[in-house]
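Shown next, in structure tokens, is the structure this report addresses.
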């Protein structure tokens, strides 16, 4: 019975299908958040199909380079096994 419930919950989560988060038409909606010692600039660019977000970065040692964007995505509830 547990296996059947797991299968039903998994199918429900998968059946929603893919969701487009961003088409990258407006690169200015993204913000750069690099670590100290990391240079990061964001720019719109040509993608394989449509637009893309280009991250130009330079590390002088370790660190990270993060691009963030606020979204209004409704995430599914946590599954019981997570």
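Bear in mind that the values in this text are calculations on the coordinates, not laboratory data. Note that the structure is a prediction, hence the values are computed from the model and not measured. Please note: Cβ atoms are built from the backbone with ideal geometry, for glycine as well, and neighbour counts cover all protein chains shown.
If you wrap the Cα atoms of segment 36-82 in a convex hull and average its projected area over all directions, you get 6.2 nm². Taken along the Cα-to-beta-carbon direction at a fixed 7 Å, the label points for residue 77 and residue 54 span 4.5 nm.
So if each residue of separation counts as 0.36 nm, and I subtract the Cα-Cα distance between residue 25 and residue 68, what length gain in nm does that give?
Full-extension gain reported as 14.0 nm.
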